[in-house]
Structure formats: structure tokens, C-alpha cells
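The values are calculated or read from the model by the stated rules, or taken from the named source; none is laboratory data. All figures in this text were calculated on a predicted structure; none of them were measured in a lab. Glycine gets a Cβ as well: all are built from the backbone with ideal geometry, and neighbour counts include every protein chain shown.
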Amino acid sequence: MGFSPHGSYQLWVVFTTKQKIMEEYIKQIDKKIVYNKKTIVLGIPFDDHSSFLKGASKGPKAIRKALNSPSANLSTESGYDLSLSDDWLDMGNIDDMNSSNNAFSIIENRFNEYLTQGARIVTLGGDNSITLPIIRAYGKIMGPLDIMQIDAHPDLYDELDGDRESHACPFSRIMEENLVERLVQVGIRTMNPHQKEQSDRFGTEVITMREWNSGLNFEFSDPVYLSIDMDCLDPGFAPGVSHYEPGGFTPRDVISMIQNIKGDIIGADIVELNPKRDHHGMTAFVGAKFLKEILDRMING
Ligand code: MN
């Protein structure tokens, strides 16, 4: 190439670009931004706060097994191939919780750690109680934010069977602690008078299954956290859950909502899969499908 003015200009561009990348990298290390918006998958095999049946702790394993099954590939419906992508990472499970006494603080601390390092997180549950410690971390670090919850149940009990951390209560605590701006609850078909009172008190936005139609648009101006309870689905499509509530969504309904939510999805959970009640992993495969479509949205917008 020699040292023609043109050639040295090119060299200078290459050098300064590399230098800039290196400076940016060092800056990130200084700030401990290790993940820099990378989306990570975390499992939480925890079902101590399930009120009716145990088994949701086996959810992360079942969803990963379906995701990695040789019966399917890792492409999303947009044609994005997750198997070729460096933008996400499965970090395994948070499984150092030896008692339910300290589980929530362990979960919250781990999320604090990952979020301050710039990660966006998709969690595989676990029962729905884990959404509380997750949102404690998200609310403090990523707030102000909104939640879109897709669920048969509002999970707004003040307490259930004397347990204020029950999987039937997380959204009451989230609202009492002012962790989010908006809570939009979609697919609800078990609203009783007590939870209706709680919903009115907290100002949650409820779209019951009865009111829902596929033409509804969900739009969020704050960053949005998506919480999907597998029992939002009709049990005919997804028998692998602890609480059967007929008259629910088809998998297609939920996939379309994931794809069409208007907003920046900064985190998500897929909870309440109970493999003990599943048939041939059919519910786990729906969970894995949701995971793929959520990853696509979180990575590609
Ligand atoms: Mn539910």
C-alpha cells in the first residue's frame, strides 16, 4: 500500500476505530458493564410458595429440554436464528437457595448483580412468587417501568393460607412497594371480590379473558417487563400447569401478543410450568416457543 496520503488515511481510520472500540471496552469494564444489553436466560427452580401443587421447580429443566430438542431448530418466526446469535446467553440456574427464608433475597441480589452489569434477563420459573424479588431488583435499577402480565389469575391476594409471599400474592406486594408505574393484567378469568378490591385500590389495568380480542393493541411508553404464567393458556393446549382454568388463550394468541407489544421489553419471566402434569412435554414446548419469540423481541426490538 505504501505511504500515499490515501493509504495512510485508511490506516488512520482503522487505527482510530480500533482505539475507540478498545476505549469503549475499558470504559465498560470500569463501570462493570459486562453484559452491555446482552439478554441472559436464568432458571429459578423454586416452588416453595405454590399453594396447591408442587412441581414448578422442574420448569427450567423442561423448557431447556424442549428448546434444545433435536425435533426443532432455534429459529424464531421472523427468521432470526438464535443458534447463530451472540446476543444471548444461558447462564444456568439460581439454585443456591437452601431454604425459602432467604430465597427472595438471594434472587434479588443476583438480579441486582446482573442488571447493574447491563444484562436484560429472561427468567424460567419456578412458581409466580419469584416475580416479586425479580421486580424488586428491576424496579430499583431499571425503573420507571411497566409490567404486562399474561395470566388466568390476577395474583392480587393480600395473603393466601397465611403466606404473604404466596404465588397468589406477588402483584399485591409489587404495587404496595411502588415498584412499577403500570400493571396491565391480561387474560384474567378468576377475579373474585377480594382481588377486585385490591385491583381497584392499586389501579391495575385488567383486560379479562371475557373482554379480550385479538385486535387489542398493547402499548407502553416506559420500558416493559413481560410476565407470562403458563396457565394463561387454555389447559387443552397446556396441561402442564398446577391450576386448570379453562377458557384461556391459544398459544398463537400469546405468540401474537409477544410479537406485537409496542414497547421496549427489558425483561421477562415464563412461570408456573409444572412438568409433573404435562403430557409428552407439550406445555414445555409452548414455553420454549414463547422463550424464542421473547428473545427475538428483546434482542431485535
Ligand atoms: Mn396463574
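If you check residue 246 against the conditions, is it outside any helix (DSSP H, G or I), in contact with a Phe, Trp or Tyr (Cβ under 6 Å, 6 or more places away or on another chain) and modelled with pLDDT of 95 or more?
Criteria not met by residue 246.
Residues of region 64-101 being under 20 Å from residue 269 (Cβ atoms) and assigned to a helix (DSSP H, G or I), which ones?
64, 65, 66, 67, 82, 100
Please tell me if residue 207 is within 16 Å of the ligand (Cβ to nearest atom), crowded, with 24+ Cβ neighbours inside 10 Å and outside any loop (DSSP other than H, G, I, E, B).
Answer is no for this residue.
So if I check each of 238, 288, which one is in contact (Cβ under 8 Å) with a residue 12 or more places away in the chain, away from the ligand (no atom under 16 Å from the Cβ) and within 20 Å of the chain's Cα centre (by Cα)?
Selected residue: 288, the only one of 238, 288 that is in contact (Cβ under 8 Å) with a residue 12 or more places away in the chain, away from the ligand (no atom under 16 Å from the Cβ) and within 20 Å of the chain's Cα centre (by Cα).
Given the conditions (1) within 23 Å of residue 45 (Cα to Cα); (2) more than 16 Å from the ligand (Cβ to nearest atom), report the number of the one that residue 256 does not fulfil.
In the conditions (1) within 23 Å of residue 45 (Cα to Cα); (2) more than 16 Å from the ligand (Cβ to nearest atom), residue 256 misses (1) alone.
Of all the residues that make up region 165-194, how many are closer than 21 Å to residue 107 by Cα, part of a loop (DSSP other than H, G, I, E, B) and in contact with a Ser or Thr (Cβ under 8 Å, 6 or more places away or on another chain)?
The number of residues fulfilling the criteria is 5.
Going through region 182-204 one residue at a time, which ones are away from the ligand (no atom under 16 Å from the Cβ) and in contact with a Lys or Arg (Cβ under 9 Å, 6 or more places away or on another chain)?
Correct list: 203 only.
Hey, can you tell me all the residues within region 174-215 that are among the polar types (S, T, N, Q) and touching a strand residue (DSSP E or B) at 6+ places or on another chain (Cβ under 8 Å)?
185, 199, 204, 208
Among the residues of region 259-277, which ones are assigned to a loop (DSSP other than H, G, I, E, B), within 16 Å of the ligand (Cβ to nearest atom) and at negative phi?
274
Given the condition of a type in the set (Val, Ile, Thr) and either surrounded by fewer than 16 Cβ atoms within 10 Å (Cβ to Cβ) or not assigned by TED's automatic domain parsing to the domain that holds residue 257 (or both), answer yes or no: does some residue in region 165-187 qualify?
no
Identify, from the list 146, 127, 151, the residue that is modelled with pLDDT of 95 or more, of a type in the set (Asp, Glu) and closer than 13 Å to residue 186 by Cα.
151
Within the set of pairs 6 or more residues apart or between chains, which connect a residue that is on the phi > 0 side of the Ramachandran plot inside region 120-131 to a residue that is within 13 Å of the ligand (Cβ to nearest atom) and aliphatic (A, V, I, L, M) with Cβ atoms less than 7 Å apart?
Taking only residues 6 or more apart or on different chains, the pairs are 126/56; 126/271.
I need a count of the residues in region 131-144 that are touching a Phe, Trp or Tyr at 6+ places or on another chain (Cβ under 6 Å) and either under 21 Å from residue 157 (Cα atoms) or of a type in the set (S, T, N, Q) (or both).
Number of matching residues: 2.
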